[in-house]
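This report refers to the structure that appears directly beneath it.
The values are calculated or read from the model by the stated rules, or taken from the named source; none is laboratory data. Every value quoted in this text rests on a predicted model; they were computed, and no experiment measured them. Neighbour counts are summed over all protein chains in view; Cβ atoms, including those assigned to glycine, are modelled from backbone coordinates with ideal geometry.
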2 protein chains.
Amino acid sequence: MIVPTPDMATTPEIAIVGGGIVGLVLAAGLTRRGVQVKLYEQARNFREIGAGIGFTKNTVGCMEKINPAVVTALRSGGAVNVSLDQQDPKSYLRWIDGYGQQREGDPMYQKPLLKLDAGVKGWETVRRDQFLEDLVKVIPEGVVHLRKRLDTIEDNEDVDKVYLNFTDGTRAEADAGKFWLCTLSTPVLAQPIPASTTVVVSDPNDWPQDKPTTARASRKDVFEALAGWCTPVRNLVELFPEELDQWALFDLFEYPVPKYNKGRVCLMGDAAHASSPHHGAGASFGIEDALCMSTLMSELIMDLREHRTSKATALRTAFDTYDKIRRTRTQWLVNSSRRVCDLFQQPEWANPAKRVKTESCFEEVKDRSFKIWHFDSTAMVDDTSREYRGSMNLATNKVKSVNGNNGVSVGHGTNKV
Amino acid sequence: MIVPTPDMATTPEIAIVGGGIVGLVLAAGLTRRGVQVKLYEQARNFREIGAGIGFTKNTVGCMEKINPAVVTALRSGGAVNVSLDQQDPKSYLRWIDGYGQQREGDPMYQKPLLKLDAGVKGWETVRRDQFLEDLVKVIPEGVVHLRKRLDTIEDNEDVDKVYLNFTDGTRAEADAGKFWLCTLSTPVLAQPIPASTTVVVSDPNDWPQDKPTTARASRKDVFEALAGWCTPVRNLVELFPEELDQWALFDLFEYPVPKYNKGRVCLMGDAAHASSPHHGAGASFGIEDALCMSTLMSELIMDLREHRTSKATALRTAFDTYDKIRRTRTQWLVNSSRRVCDLFQQPEWANPAKRVKTESCFEEVKDRSFKIWHFDSTAMVDDTSREYRGSMNLATNKVKSVNGNNGVSVGHGTNKV
């Protein structure tokens, strides 16, 4: 049996720009598959602001498929299974009325509105910075390049490589690049974050174009925003410090990217589908992206080993497949996050005369949450491989046909798009 | 073997008020199960306005379970399988851009936006009046009572029967009643209906309270409403008569009923969940209601034969179960019909720069349509029976417990609610 030895000629070189959670998870997936990876991050070290992040079961399943070390990093980073009840190991996502459907004589009562079952270990949460710290350890030495802020990309069809020019005047080459640029668009919300409690407040005013995306805010601002809310919520705000951080939140809803790929360049994670945080699923969808891309790279490496095609053709086909598989679901998230924001902020929910209408909104919240949580990543892996192989047959046939190498009309009957 | 003979003491008597499609389908289901049914309709004969109505596969499956004669009526009423393609027997629901994403030099081009696969015989459509005509023939003689307009209902707990008083001064009794009152609420739309083409136009003005729910409109009104639409749509309007009928459409979104049952009275179909027509599923959901109720009556008759409980207790339990099983899904439809109305009327869809946003809206339209079409009626029948039996055990145990008949603490361990 001949075991082909991977060499540079048959191994794709991939540049990843941006070292957030999704960038690092992809790097962990690609290095494990033998891809030559370089990851460029503009900061001087990896740092995430210390808010929590939660992953549902299906996302942890994606991590497992990408690289089991990612799951180890998640759990060694202190992930805890969210369960309020010692007797019941399941995680539930709970919606509670904050507008005050009071029980007589009990100002601390908070009416439960909806409880969604996410299953046993259904919702593992961790501090972002702790997860990131352990994730970095999974990446082999020599992959990460800090203090590299991307300036321009050159992807010229006639040239074998893609070139990345950084703002410090240096230049790097790769077979292809993937990007997690921090993309800013329409502001949707302002968010003060004290300690581990996050309050998301809709602000009708536009965020000034020339202002940074974070600002100072005061406890008083939060009190004003939550005027009319119930006692337990107001008691919680009492515990906030006087001075708070306020983040502007942006999404890509009004300015969608037209496509996730162009030639040998490809957008993933927030750069492709930044959404508001109301589903708590932005990073999860980026991790699904990373599983799709890891699958494609496994397929591509097998093709290159068999010398079936050129690197450039295989990479273009892979990125095209990635766009086909991931675009609709991830854009749906951007849209759906806006929608559930509207649903969550209906004061009507506290109106007993509208209880049945409230139930109908929760039915929608349930459907949307389950579409996120019950994602079948095994089916996505299958679809990705099938779609890529189908397109590669067309692509290689087309190349042969153009080159006229075999003098026969190839791709007969399968060349239709 | 002793076969119990059904008699009046063990057979429920049900009054149905309102003889639209759902009222008649329920009558067909209940008479088949041996229920004593009387159906009261205010009109002098059965009459539906001649617009088309379509049923997806799962609704036809419900009809089959309710009474196969309903399916025969549907098809003898001339139901046709919607398929535009001779080669492909599947039905598709198609969305086409009407705002004019033109192909150069081809003003008749209409850009396809979404095509949803409803399967083979996935969408059977029929004229309402023809279906109703054949449906009436399924109902045994003596059931239908025309020119009976309900005035008041008396449901007194101490009395064995429910009494219905009609506006002509007559009175009827039954064990329980089900109602398809024409319930009017917030106006959402005005709808001119020429021949078999329906144009649904949002009108920002309120429909006057004192005006009838139909009015005259002109072709000119429709032209004005469709200003800026593409040539094929405007050509179609050219074919309309000068004078048109305009219907106001009402739903129950802003004024939901608090519950579908009260004692031995129960709301079904539009009386419970009138929705705008944007999903084309109002009647289908009423037919699902009828399957749920037919299932409950089968269970109830078995209980009464075994003298396990009183008619009144069994009927109250059955109606309570019906409310539990049907309320959330049907209220979701009212909500969802409003939402897809907003989605369908986005001129943005014709903006090529927003194509990816458009796709994310269609993902939502698909999810909502599939929630309607892929309803598992077999699972609903199972859930209905299980829920009813569970509640009957509690209900009968409670009765025994109150009466202290057996001197033992009954319902031990199952009496918790």
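Name the single residue that is surrounded by the most Cβ atoms within 10 Å (Cβ to Cβ) among those in the range B:149-160 being touching a residue at least 60 places away in the same chain (Cβ under 8 Å) and more than 18 Å from B:Leu267 (Cα to Cα). Looking at the filtered set, the residue picked out is B:Asp160.
Of the residues A:Ser298, A:Ser337, only one is of a type in the set (S, T, N, Q), in contact (Cβ under 8 Å) with a residue 24 or more places away in the chain and over 18 Å from A:Thr378 (Cα atoms); which? Break it down into steps so the answer makes sense when it comes.
Details: A:Ser298 fails: over 18 Å from A:Thr378 (Cα atoms).
Testing whether each residue is of a type in the set (S, T, N, Q), in contact (Cβ under 8 Å) with a residue 24 or more places away in the chain and over 18 Å from A:Thr378 (Cα atoms) leaves just A:Ser337.
From the residues in the range B:341-369 that are within 12 Å of chain A (Cβ to nearest Cβ), among the hydrophobic types (A, V, I, L, M, F, W, C) and touching a residue at least 24 places away in the same chain (Cβ under 8 Å), which one is surrounded by the most Cβ atoms within 10 Å (Cβ to Cβ)? Among them, the one singled out is B:Val365. The residues of the range A:54-80 that are among the β-branched types (Val, Ile, Thr), under 18 Å from the mean Cα position of the chain (by Cα) and not in a helix (DSSP H, G or I) amount to a single one, A:Thr56. Tallying residues that are farther than 23 Å from B:Val60 by Cα and among the hydrophobic types (A, V, I, L, M, F, W, C) within the range B:271-327 yields 9. In the set A:Phe319, A:Phe362, A:Phe344, only one residue is closer than 30 Å to B:Trp349 by Cβ, of a type in the set (Phe, Trp, Tyr) and out of contact with any strand residue (DSSP E or B) (no Cβ under 6 Å at 6 or more places or on another chain); that residue is A:Phe344. Taking every residue in the range A:12-25 that is farther than 11 Å from A:Phe46 by Cβ and pairing it with any residue that is in a helix (DSSP H, G or I) and among the basic types (Lys, Arg), at least 6 positions away or on another chain, the pairs with Cβ-Cβ distances below 9 Å are A:Pro12/A:Lys311; A:Glu13/A:Lys311.
Please indicate, with yes or no, whether at least one residue in the range A:295-310 is in a helix (DSSP H, G or I), within 30 Å of A:Trp247 (Cα to Cα), of a type outside the set (D, E, K, R) and touching a strand residue (DSSP E or B) at 6+ places or on another chain (Cβ under 8 Å). Scanning the range A:295-310, I find no residue that is in a helix (DSSP H, G or I), within 30 Å of A:Trp247 (Cα to Cα), of a type outside the set (D, E, K, R) and touching a strand residue (DSSP E or B) at 6+ places or on another chain (Cβ under 8 Å), so the answer is no. A:Lys90 meets the conditions (1) out of contact with any Gly (no Cβ under 9 Å at 6 or more places or on another chain); (2) at pLDDT 75 or above in every case but one. The failed one is (1). Does the range A:275-295 include one or more residues that are in contact with an Asp or Glu (Cβ under 6 Å, 6 or more places away or on another chain) and surrounded by 14 or more Cβ atoms within 10 Å (Cβ to Cβ)? The answer is yes; a qualifying residue exists.
Restricted to the range A:247-274, and to residues that are away from chain B (no Cβ under 14 Å), in a loop (DSSP other than H, G, I, E, B) and not charged (D, E, K, R), which residue is farthest from A:Cys292 (Cα to Cα)? It comes out as A:Gly263.
Inspect all residues belonging to the range B:302-323 and state whether any of them is within 19 Å of the chain's Cα centre (by Cα) and within 14 Å of chain A (Cβ to nearest Cβ). Yes, the range B:302-323 has at least one match.
The residue list B:Thr317, B:Thr309, B:Thr330, B:Thr231 contains one member that is under 24 Å from B:Ile21 (Cα atoms) and out of contact with any Lys or Arg (no Cβ under 6 Å at 6 or more places or on another chain), which is B:Thr330.
When B:Thr328 is tested against the conditions (1) within 14 Å of chain A (Cβ to nearest Cβ); (2) outside any helix (DSSP H, G or I); (3) not small (Gly, Ala, Ser), the lone failure is (2). Inclusion of A:Pro107 among residues that are without any contact (Cβ under 8 Å) to a residue 40 or more places away in the chain and of a type outside the set (Gly, Ala, Ser) is not warranted.
Candidates are the residues of the range B:197-221 that are among the small types (Gly, Ala, Ser) and without any contact (Cβ under 8 Å) to a residue 60 or more places away in the chain; the one that is surrounded by the most Cβ atoms within 10 Å (Cβ to Cβ) is B:Ala217. State whether the residues of the range A:376-388 include one that is of a type in the set (Asp, Glu), within 19 Å of the chain's Cα centre (by Cα), within 27 Å of B:Lys371 (Cα to Cα) and not in a helix (DSSP H, G or I). There is at least one residue in the range A:376-388 that is of a type in the set (Asp, Glu), within 19 Å of the chain's Cα centre (by Cα), within 27 Å of B:Lys371 (Cα to Cα) and not in a helix (DSSP H, G or I). The condition of being in contact (Cβ under 8 Å) with a residue 24 or more places away in the chain, surrounded by fewer than 24 Cβ atoms within 10 Å (Cβ to Cβ), of a type in the set (A, V, I, L, M, F, W, C) and over 23 Å from A:Asp376 (Cβ atoms) holds for A:Ala312. Answer yes if at least one residue in the range A:370-385 is surrounded by fewer than 20 Cβ atoms within 10 Å (Cβ to Cβ) and facing chain B (nearest Cβ under 10 Å), and no otherwise. Checked the range A:370-385: at least one residue is surrounded by fewer than 20 Cβ atoms within 10 Å (Cβ to Cβ) and facing chain B (nearest Cβ under 10 Å).
Scanning the range B:202-246 for residues that are out of contact with any helix residue (DSSP H, G or I) (no Cβ under 8 Å at 6 or more places or on another chain), charged (D, E, K, R) and closer than 21 Å to B:Trp349 by Cα gives B:Asp203, B:Glu224.
Would you check if there is a residue in the range B:254-264 being surrounded by fewer than 14 Cβ atoms within 10 Å (Cβ to Cβ) and more than 30 Å from A:Lys354 (Cβ to Cβ)? Let's see the steps before the verdict.
Restricting attention to the range B:254-264, the residues satisfying the condition of being surrounded by fewer than 14 Cβ atoms within 10 Å (Cβ to Cβ) are B:254, B:258.
With more than 30 Å from A:Lys354 (Cβ to Cβ) added as a condition, the list becomes none.
Scanning the range B:254-264, I find no residue that is surrounded by fewer than 14 Cβ atoms within 10 Å (Cβ to Cβ) and more than 30 Å from A:Lys354 (Cβ to Cβ), so the answer is no.
For the range B:155-193, residues that are aliphatic (A, V, I, L, M), modelled with pLDDT under 50 and in contact with a Leu (Cβ under 6 Å, 6 or more places away or on another chain) total 2.
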